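What follows is a set of notes on a single structure, which appears directly below.
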Amino acid sequence: MKEPINIGLDLGSLGWRAAYVADGQVMTIPAGNNGEAALPWLRCELDPSSRLGVCFPGLKNHIGMDTSSRERGEPDPAAWARQRFAALRRQVEHHAGRPPGQLVIAVPALYSTARRAALRDLALATGFANVHLLSDSIAAAIGHSHERAAPTTALVYSMGYAGFEIGLIRAVKGRYRAIAYDGASSPCGAIFDEILIHSCLQALLQVGLWSPDVPLTPDQWRHLQQTAQRLKEKLSDAETPALNFDITTRGRRHVLKRFLHRGSFEQAIATLIDPTLDRAQGVLEEAHLEISDVDTLVLVGGSTSIGLVQRMVAERFGRAPTLSDDTLIVRGAARFAAQFEALSTTPSFLASADAAGEAAIPALPVVNVPLSDQASEEAGERPGAASDDANRTGVHHDAEIVLTLDLSRNAPAASQTAARVVEPSMAVMQADRQRLFQALHRLLAGGDTDRARVFLEELIREAQELLAAASQPSSSIGKSVQRVLQRAYSLLKTNRYQQAIEYSHMAYQYDPENPAVFQQMIDIHCRAAMAHSSIEGYPKSMEWLMCAYSHDRTNSDLHDRIAQRHFSHARQLTNRQQYQEALDALKECLNFDPLHEEAQKLQHDLASHVEEP
């Protein structure tokens with residue numbers, strides 16, 4: 001019988017890569033055609049925290065966490081993983097001509113203990129002799145520096161589909177140790193996809209081919225996600241990729257073309273990337289090192305192929321990073337599999353990484369990337385209507401992607417989406433709760449009582465608000481919509497007005513026929529606008545008020561609020577002696593409330609300060 005061969009596996013959110021070492025060389029194993037290619041990698045789930053109302057988590061993140069998938073008609077994560085491992089065994093035997101032996105799986109350091117245990121058990125059940133788990137950062141460091149004889153310190157900056165990870169790894173004589181670590185579930189490729197999906201929907205909304213009260217099916221959401229992913233990938237080698245929409249509504253086909261400008265996309269995501277660099281700097285400070293003490297700065301993961309990420313890393317650390325190829329992690333896992341008995345990976349690193357919390361990362365800002373109907377970014381955005389001519393622009397573009405959606409049968413009833421997309425299970429929420437309290441216990445054990453107390457006080461405050469809301473008499477608003485509205489009001493209290501508006505829109509999209517939901521959406525718009533009371537905040541507050549007005553033009557209270565906001569602005573301008581601008585604001589005020597006595601008086605007083613034309 002032939003000697004078994006040990007295998008390294010990079011188990012990603014969107015696919016796997018496997019490899020082994022033969023004669024000192026790493027040999028990659030191509031994915032086969034044994035049916036595994038048809039298995040899904042992502043799910044479509046309801047997510048009130050997303051502006052889309054849905055998210056697309058990887059199935060690998062449900063391993064060991066979800067027990068109710070089969071009843072809901074979604075792929076069972078355990079069965080999915082067993083199929084993947086069985087397919088891997090077949091591919092190893094076919095490609096290497098030897099039976100598989102032990103397996104080393106590279107996973108994110110944030111991959112929880114429950115997931116790790118379940119993943120290991122599933123791999124063992126398919127016939128692997130033994131299974132070892134390795135963090136992505138250490139696998140990347142092994143793949144990058146295994147041929148270097150001198151001691152090496154590597155800072156690994158990884159950003160993939162489901163999160164980012166920063167590891168400071170020390171390699172000495174073939175032994176690898178994690179000096180410091182940080183990471184979180186966002187920002188990541190999934191967040192960038194969400195931004196581009198939102199851009200696609202906004203482009204359709206602008207020309208009347210879709211509206212938020214027309215729900216999409218899970219298959220349509222998945223098609224949008226795949227389109228956004230291809231669009232993002234095109235940006236790596238195309239300055240202005242073109243997106244051809246092929247939309248069918250009410251039996252009629254509409255085709256239009258839009259362009260995504262790389263500069264617009266990079267400008268939008270820069271605010272998301274910058275905090276990750278702060279955390280990378282924090283990893284160095286935790287280890288009492290400077291960037292000059294680091295021998296190599298390695299970028300890993302699909303999202304690091306974005307040019308902006310590479311430039312921002314280089315600018316922050318004053319040196320050019322090394323951009324790895326897609327096989328770096330699996331090459332490291334294969335090297336480790338070939339000689340793991342000779343290597344030593346600090347067990348405490350993996351244990352502490354399991355419990356690494358995400359509470360410290362700030363809420364991501366809401367960013368928008370408008371699609372343009374012009375190939376030239378300097379030309380700007382021109383509002384346009386849908387056309388039946390696919391080549392109406394006549395402009396040369398770098399690359400084309402086609403998005404095809406048939407919305408003819410999509411009825412405007414929010415309950416359809418809720419019924420057909422998967423809700424996060426209690427098992428997942430319990431695991432998140434456990435991880436949160438592990439992080440707090442770690443803070444207390446480390447003597448960082450101030451940070452623990454501040455976080456607990458905030459957690460208790462939010463819990464008390466939720467408890468108070470839960471104690472209210474039941475209303476006609478569904479629980480999922482109530483959670484979205486509660487989140488919107490919480491955002492108002494922390495001055496995150498734009499996000500609160502986004503959440504109110506989401507609640508209305510879920511239940512557009514409910515008067516109570518509609519009234520709370522209007523109320524959130526008004527509260528945000530009135531709180532944004534400075535002169536500089538006037539344009540944004542009026543944008544929010546007029547958004548509410550577009551939904552309800554007969555609301556007398558809304559008329560009063562709009563008039564009052566114009567009047568407040570006029571009074572502020574008067575104090576700055578900007579009399580003409582103040583009179584313009586008073587005119588708008590009196591358009592909405594002709595009997596506003598204070599506005600009438602101020603208008604009379606200002607008349608003498610402004611010369612008649």
> G143 fails exactly one of the following numbered conditions: (1) open to solvent by 20 Å² or more (accessible area, probe 1.4 Å); (2) under 31 Å from the mean Cα position of the chain (by Cα). What is the number of that condition?
Replying inline: (1)
> Tally time: how many residues in the range 317-358 are at pLDDT 50 or above, in a helix (DSSP H, G or I), hydrophobic (A, V, I, L, M, F, W, C) and open to solvent by 30 Å² or more (accessible area, probe 1.4 Å)?
Replying inline: 1
> Given the structure, is Q600 assigned to a helix (DSSP H, G or I), open to solvent by 30 Å² or more (accessible area, probe 1.4 Å) and closer than 22 Å to A531 by Cβ?
Replying inline: no
> Do you know which of the residues in the range 496-525 that are outside any helix (DSSP H, G or I) and among the charged types (D, E, K, R) is modelled with the highest pLDDT?
Replying inline: R496
> Could you say whether any residue in the range 140-149 is of a type in the set (V, I, T) and at pLDDT 90 or above?
Replying inline: yes
> With Y181, Y157, Y161 as the choices, which residue is open to solvent by 20 Å² or more (accessible area, probe 1.4 Å), at pLDDT 90 or above and either under 31 Å from the mean Cα position of the chain (by Cα) or among the aliphatic types (A, V, I, L, M) (or both)?
Replying inline: Y161
> Within the range 251-269, which residues are in a loop (DSSP other than H, G, I, E, B) and open to solvent by 30 Å² or more (accessible area, probe 1.4 Å)?
Replying inline: G251
>> Which count do you get for residues in the range 84-131 that are on the phi < 0 side of the Ramachandran plot and assigned to a loop (DSSP other than H, G, I, E, B)?
In response: 10
> Where residues in the range 90-137 are open to solvent by less than 20 Å² (accessible area, probe 1.4 Å), touching a helix residue (DSSP H, G or I) at 6+ places or on another chain (Cβ under 8 Å) and among the β-branched types (V, I, T), which of them is farthest from A162 (Cα to Cα)?
Replying inline: V131
> Considering the range 193-237 alone, what residues qualify as being open to solvent by less than 60 Å² (accessible area, probe 1.4 Å), under 20 Å from G307 (Cα atoms) and either of a type in the set (D, E) or in contact with a His (Cβ under 8 Å, 6 or more places away or on another chain) (or both)?
Replying inline: D193, E194
> Any idea which of (1) at pLDDT 85 or above; (2) open to solvent by 50 Å² or more (accessible area, probe 1.4 Å); (3) assigned to a loop (DSSP other than H, G, I, E, B); (4) not basic (K, R) is the one A31 doesn't satisfy?
Replying inline: (1)
> Conditions: (1) out of contact with any Leu (no Cβ under 6 Å at 6 or more places or on another chain); (2) over 27 Å from A190 (Cα atoms). L122 meets all but one. Number of the miss?
Replying inline: (2)
>> Among the residues that make up the range 564-578, is at least one of them of a type in the set (D, E, K, R) and surrounded by 14 or more Cβ atoms within 10 Å (Cβ to Cβ)?
In response: yes
> If D593 satisfies every condition in (1) open to solvent by less than 80 Å² (accessible area, probe 1.4 Å); (2) acidic (D, E); (3) over 44 Å from the mean Cα position of the chain (by Cα) but one, which is the exception?
Replying inline: (3)
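Of all the residues that make up the range 283-294, how many are open to solvent by less than 30 Å² (accessible area, probe 1.4 Å) and farther than 13 Å from A178 by Cα? Walk me through how you get there before you give the answer.
Start the filter on the range 283-294 by keeping residues that are open to solvent by less than 30 Å² (accessible area, probe 1.4 Å), which leaves 283-284, 287, 294.
This time we only want the ones that are farther than 13 Å from A178 by Cα, so: 294.
Residues meeting the conditions: 1.
The values are calculated or read from the model by the stated rules, or taken from the named source; none is laboratory data. The shown structure was predicted, so the numbers you read here are calculated from the model rather than taken from an experiment. No Cβ is skipped: glycine too gets one built from the backbone with ideal geometry, and neighbour counts run over all protein chains shown. Side chains included, ligands, DNA and RNA excluded: accessible areas come from the protein's heavy atoms. Shrake-Rupley method; radii C 1.70, N 1.55, O 1.52, S 1.80 Å.
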